[in-house]
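Worksheet for the structure shown next.
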Amino acid sequence: MFEEAQYFAPIATQDDGSVVVELATSHPGFADPVYRARRNAIAGLAVNHRRGTPIPVAEYIEQEHEVWALVTRELAAKHATYATAEYLDGVARLGLPRTRIPQLQEVGELLEPLTGFRYLPAAGLVPLRDFYEVLADGYFHSTQYIRHHSVPFYTPEPDVVHEVIGHANALASDRYAALYRLAGDAARRVRGEEALEFVSKVFWFTLEFGVMQEGGELKAYGAGILSSYGEIEEFRGMDIRPLDLAAMGTTHYDITKYQDVLFRADSLQHLEDVVGDFWATCDDDSIAKLLATIP
Ligand SMILES: [Fe+2]
């Protein structure tokens, strides 16, 4: 899940209750009326969903299943080189379908016996507090549409490839899932918007775009890198900085480009000690003190 509004296509609910996704003219699916109708229908599923009820089935076309199969195959080859061992263990445990797009209901049913996480459908942008707070309860908000089939390795917005290949495989790991829950606990504990934003930026630079040292090499565990066909080849050449809470909580990022500043944990234990402990204990006061250390 990406957090900033500009990245998501806005959603409008019409007077008759129908839901319209407002794709930008630059979106690969803008001129495809069949894709747009499907996007509207899928967004409508999320708008009308009530938690605790089964997630309605999204209808995909064959070309979209082919996109999933292609991207799954290509990313798996790259994961073997670039992903952490813990993430690869999650891939093996979860056992996602490789040749068709899984329904979000199915993703939750695979995940729940492993780490207790379930998926919730999101039409588009989820407000920051809602997105993070429910992580504490083991819920993950996810978009359900897939990128346009004309450009299988590109998406201008987080789609089901990102949400499921990037996040669900990580959420299948007990240790990563525990970190997601701690981020949720932190979001629920902090009161101010500034503190919430700090918590979310630490999430961004770790569970979305985190890298870690493993066996003498730099590996990725962040969902944003692991779901991006291009970014996964580039991250080792970025500006890699040591794990630093104050820096992560205040560094500006541009979600429309590759992340050029990344933060490296020395190990998973190091990530848990620094970021896990931060989320487990932070409050508005401790975050204000961290902010005060930034010149
Ligand atoms: Fe994400």
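The values are calculated or read from the model by the stated rules, or taken from the named source; none is laboratory data. Everything numeric here is computed off the predicted structure, so don't read it as measured data. Every residue, glycine among them, receives a Cβ derived from its backbone with ideal geometry; neighbour counts consider all protein chains shown. We work out accessible area using only protein heavy atoms, side chains counted, and drop any ligands, DNA or RNA first. Shrake-Rupley method; radii C 1.70, N 1.55, O 1.52, S 1.80 Å.
So here's what we get for this one:
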read-out	value
Residues with amide H under 5 Å from that of Gly210, placed H, sequence gap 5 or more	Tyr221, Gly222, Ala223
Convex hull of segment 1-136 built on C-alpha atoms - directionally averaged projected area, nm²	9.9 nm²
Between 0 and 90°, nearest 10: helix 174-189 axis offset from the chain longest Cα axis	80 degrees
Vicinal HN-Hα couplings computed from phi for segment 157-172 (Karplus, 6.51 cos²θ - 1.76 cosθ + 1.60; Hz; Gly/Pro x)	8, x, 10, 5, 4, 5, 5, 9, 5, x, 8, 5, 5, 6, 5, 7
Rel. contact order, % - alpha carbon contacts under 8 angstrom, at least six apart, segment 130-189	52 percent
Residue-by-residue Karplus 3J(HN,Hα) for segment 32-41, coefficients 6.51, -1.76, 1.60, Hz, glycine and proline x	10, x, 6, 4, 5, 5, 5, 4, 4, 5
Relative frequency of Cα-Cα separations exceeding 17 Å in segment 98-151, percent	44 percent
Segment 145-295 - percent of accessible surface contributed by carbon and sulfur, probe 1.4 Å	51 percent
Neighbour-limited loop hits for trypsin sites (Lys or Arg not before Pro), segment 21-55 (at most 14 other Cβ within 10 Å; DSSP other than H, G, I, E, B)	Arg50, Arg51
At most 11 other Cβ within 10 Å, DSSP loop - chymotrypsin sites (Phe, Trp or Tyr not before Pro), segment 99-140	none
Within the chain: Cβ-based charge dipole about Cα centre, in debye rounded to nearest 20 (Lys, Arg +1; Asp, Glu -1)	400 debye
Distant-in-sequence amide H partners of Ala83 (H built 1.01 Å from N, under 5 Å)	Ala220
Straight-distance crosslink candidates among lysines, where the alpha carbon sits under 30 Å from Lys219 and sequence neighbours closer than 8 are dropped	Lys78, Lys201, Lys257
In segment 79-186, trypsin sites (Lys or Arg not before Pro) in a DSSP loop with at most 12 other beta-carbon atoms within 10 Å	Arg98
The chain: calculated mean residue ellipticity at 222 nm from DSSP helix runs of at least 4, using -39500 (n - 2.57)	-12000 deg cm²/dmol
Long-range amide H partners of Phe140 with built H, under 5 Å	Arg118, Tyr119, Leu120
Dipole of the chain, positive direction: furthest Cα of Gly95, Ala187, Ser150, with charges on the beta-carbon	Gly95
Segment 105-263 pair-distance distribution - Cα-Cα, 10 Å bins, rounded %	10, 39, 39, 11, 0
Hz values of 3J(HN,Hα) by residue in segment 208-223 - Karplus curve (6.51, -1.76, 1.60), Gly and Pro given as x	8, 10, x, 10, 8, 6, 8, x, x, 10, 8, 10, 9, 10, x, 4
Mean-position separation - Cα centroids, segment 66-126 and segment 179-258, in angstrom	19 Å
Principal semi-axes in Å for the chain [√(5λ), Cα gyration tensor, largest first]	29, 22, 19
Percent antiparallel among DSSP beta bridges (both partners in segment 192-295, rounded to 5)	40 percent
